[in-house]
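No lab work stands behind these numbers, since they all come straight from the coordinates. Treat the numbers as computed from the prediction; the structure is a model and nothing was measured. Neighbour counts are summed over all protein chains in view; Cβ atoms, including those assigned to glycine, are modelled from backbone coordinates with ideal geometry.
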Amino acid sequence: MSSYARAATTLLTVLSCYPAAQAQNTDTWSQLRTEQVAKLQAITGTYEGQIGGKYAIRLQLNPGPADTVVTGTYYYLSKGQPLVLSGFTRASIPTQELELRENTAADAAATGWFTIGLSNANEPHLLGQWYNASGTTLLPVKLWRIGGATRPSGLVAHITPKTYLNSFRVPVVTVPDAGVSRLLTHWLSLQNLTNDDVAGLREQLQEHSGTQSSDYSVNYNARGLLSLTALTEGVGASVWYDSKTYNLDLVTGFPIVLADELKPELLPQFLALGQRKLAVKTKEYEQDDFLSAEDKAGVLGQEFSLGSTDEYTISTNGLVFDHPVSYDGLSNFVWKVLTGNFQITLTYAELKPFLKPNSPLRRLL
C-alpha cells in the first residue's frame, strides 16, 4: 500500500471515530451538569459558621433563576448588615465548586467572593474559601446547616414601639440571639419601612407632601416566627396608603420567601390549588353592577402565580396571600373598590404537602 493510501485509510478511521467521541463527550457534560443541578438543589438552605476561624456569619442560599444559579444573603453576627450573594457553577470545572459573588444592596460592585465545594452538598456542613474583592486576602470558610422545621422552645420576639417626629411609629424587635436582633433592626428600621431618613421625613411633614405617617401591626409571634405588617400613609395628588408584610425566621433573622419553601416538583399542584381558591373569590364579583363587562372579564381572568405569594401574612389559621389585582383597562377607581388585591387563605393542612422538609414554616403544622 502506498503512503498516500495508508494516510487516507488512517484519516477515514479517525473520522469514523469522531461522532462516537463527540457523543461520549456530550453525554459526559450532560451527566456532569445533572449532578451539579442536583447538588445545587441540595445545598440551598441556611447555615452559620466562620470565616477565617474567627468571623462568625450566617448565610442563606436560595434557588436562582436558572438551574445552575443560586442567590442568597449573609451577614456578620457582629454587624447585622446583610450582604447580597449571587452564585453559579461551571460545568467545565471538574472540582464542581459554587462561586458566590457578594455585594451590598446599595452598590453592585463586588465586595468579596466565596468558593464553596459541592462535594458536601448533602452533608450538614460545607467547606470553602472567602477572598476580598482585590484578591489579596484568602480565608477558609466552614459552615453548618441550621434552622429548619424544628420548633425552638419558647422563642418569641420582644417588640416595643419607637416614635420619630410624633408621626412615624416603628417596631424595635429583639430576641435572645444578639446577631439576629441586629439583623432584625436592619429589616425593620425607619429607613427600610419608609424609604427615607429622619431629615427627609421632617421635610415632607413640613411640606405636607410625601410620607406623613407610619405604623405597624403584629400578625403572628410564636414558634420562632414573626409576621409583622408595616403601614405608611402619604399625600400626593390624593391621600395614599401602602403596606408591606415582613415574615421573619427568629432563629436566623432571614426573611421567609414562600417560593423558596415549596417543593419544586409539586409547584404545578400548588398553583392549581391557589387558582381554584382565587376563582371562588373572583366569582363573588360576577353579579356586581358597579363593574363593567370589561372589568368583570378582567376580574374573572385573574391567574394565581408565584407572584401571588410575594405578599403574605402568617395567621393562626393559615397563610393569607394578597393576590395583586391587575388587568388591561383597570381603572384607579375599580382598583380602590377591590382594595388592590384578593386575599386567598391556605390552611396549614392544605399547605403541608407542598413545603420542603426543612422549611421553617413547618413549625406551624
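For the range 117-204, rounded, prolate or oblate, judged on the Cα gyration tensor with a ≥ b ≥ c (square roots of eigenvalues), a/c < 1.5 rounded, else prolate if a/b > b/c?
oblate
Ordered by residue, what ³J(HN,Hα) values in Hz, to whole numbers, does the range 333-350 give under the Karplus form 6.51 cos²θ - 1.76 cosθ + 1.60, where θ = phi - 60° and Gly and Pro are x?
5, 5, 4, 5, 4, 7, 6, x, 7, 10, 8, 10, 10, 10, 5, 5, 5, 6
If neighbour count is taken as other Cβ atoms inside 10 Å, put TRP335, TRP187 in order from fewest to most. Could you put the intermediate results ahead of the total?
On the way: TRP335 14, TRP187 19.
Listed from fewest to most nearby Cβ atoms, that is TRP335, TRP187.
Starting from the Cα of LYS162, draw a straight line to each of the aspartates and glutamates and keep only those under 12 Å, dropping any in the same chain fewer than 8 residues away.
Candidates past the 8-residue exclusion: ASP215.
With springs only between Cα atoms under 10 Å apart, run a GNM on the chain and tell me which of LEU85, LEU273, LEU190 wobbles the most.
Comparing LEU85, LEU273, LEU190 in a Gaussian network model of the chain, the most mobile one is LEU273.
Sort LYS162, LYS54 so the one with the fewest other Cβ atoms within 10 Å of its own Cβ comes first.
Ranked by crowding around the Cβ, least crowded first: LYS54, LYS162.
Sort the range 42-127 into rounded, prolate or oblate with this rule: let a ≥ b ≥ c be the square roots of the eigenvalues of the Cα gyration tensor; rounded if a/c is under 1.5, and if a/c is not under 1.5, prolate when a/b is larger than b/c, oblate otherwise. All intermediate terms of the calculation are to be shown ahead of the outcome.
On the way: a/c = 1.75, a/b = 1.26, b/c = 1.40.
Cα axes put the range 42-127 in the oblate bin.
What span do the alpha-carbon atoms of the range 258-364 cover on each of the three principal axes, reported in whole Å from largest to smallest?
46, 26, 20
Comparing ASP107, ASP249, ASP215, which has the greatest mean-square fluctuation in the GNM of the chain with Cα pairs linked when under 10 Å apart?
Result for the chain, Cα springs under 10 Å: ASP107 fluctuates most.
Could you state the principal axis extents of the C-alpha atoms in the range 46-195, from the largest down, to the nearest angstrom?
Here the Cα extents, ordered largest to smallest, are 60, 37, 32 Å.
Students often forget the sequence filter, so: which lysines lie under 24 Å Cα-Cα from LYS336 once same-chain residues fewer than 8 apart are removed?
Output for LYS336: LYS244, LYS277, LYS281, LYS283, LYS296.
Using alpha-carbon positions, what is the distance between the centroids of the range 164-219 and the range 316-331, in Å?
Distance between centres, Cα-based: 26 Å.
Excluding residues fewer than 8 places away in the same chain, name every one of the lysines whose C-alpha is closer than 29 Å to that of LYS54.
Within reach: LYS39, LYS79, LYS142.
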